[in-house]
Amino acid sequence: MIIDIYNQLIKKRKLTALYVLSAIIITYFASWFPDFENLIGIEGARISSVVSFGALNGMILGPFWGMIVSFTAVMGHTLVRGEGTPDTFHLLTPFFVAMSSVVAGLCITRKEKVAMAVFGVLILLWYITPTGRTIYYYPWFHVVILASFLIFYYKFKNRDANIFKFTFLLLAALMAILADHLAGSISAAILFDLPPQMFASVITIYPIERTTLAFAAAAITFLLIVALQNTLMESETFQDKVEEAKNDDVLSYVNDVKDMLEEDNNK
């Protein structure tokens, strides 16, 4: 399964400070990409493409370093973007993206049950708010993805075909990105006391947005892992050829020595 590839190609690599710093810089500059505006049916609403990097960092770096990279980069963007003192919601945004990295990282490091538990708790937290109890059907897509991931985990987890590998990455990215989405929705409902109609207006739209972002993260991760897997296989093949050449040399040397000894004995 894709987890085994991850353990071979990512987890065993020595994670240097330079490697983490590079990821922070890439994520930071990605946070300045133009936002998707007015896409969710609410005037002035903005969806940042950096959400994809939350899932991407988690799947590539794991839950801990992915969280550190995402939080540092997005917090840096929040503090220096030059729009005055950030409000509470914007200061919480780096935590949401970091949570996305944690969920994705847990999925990729064989801790899927913990990831599902975190995601499930977020769904339950929605119903703590008055808005959540009014618009009880708002997290319908979250429930669908959680159920899909659960079914995939128990029925198709050990399949080796590429389609199953990509499906796993896509579901993991969706769960991570939707964790960010639901955490943001809960915070917005509490901090801004938004009317239920605002959430009701995006019921059928936010799944399209979040699926697009998740697909991008899953596709990049899949291509990266496939490339690294091919590199590893080529490296192993090269090493095998080197070992074969060494064995041939040793065998040839032994035969030469044997011939020399036989010639001495004949003399």
As a test question: what accessible area, to the nearest 10 Å², does Asp160 have when a 1.4 Å probe is rolled over all protein chains in place?
100 Å²
Looking at Tyr136, Val102, Ala161, which one has the Cα that reaches farthest to the positive end of the dipole of segment 91-199 (charges on Cβ: Lys, Arg +1; Asp, Glu -1)?
Ala161
Can you tell me which of 59-67, 171-179 comes out highest on packing, and rank the rest after it, using the mean Cβ neighbours within 10 Å?
171-179, 59-67
Chymotrypsin sites (Phe, Trp or Tyr not before Pro) restricted to DSSP loop in segment 85-174 with at most 12 other C-beta within 10 Å:
Tyr136, Tyr137
Ranking by accessible area, most exposed first, for Thr134, Thr221 with a 1.4 Å probe:
Thr134, Thr221
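The values are calculated or read from the model by the stated rules, or taken from the named source; none is laboratory data. Just so you know, these numbers come straight off a predicted model, no measurement behind them. All Cβ positions, even for glycine, are placed from backbone atoms using ideal geometry, and neighbour counts span all protein chains on display. These area figures cover heavy atoms from the full protein model, side chains too; ligands, DNA and RNA do not enter into them. Shrake-Rupley method; radii C 1.70, N 1.55, O 1.52, S 1.80 Å.
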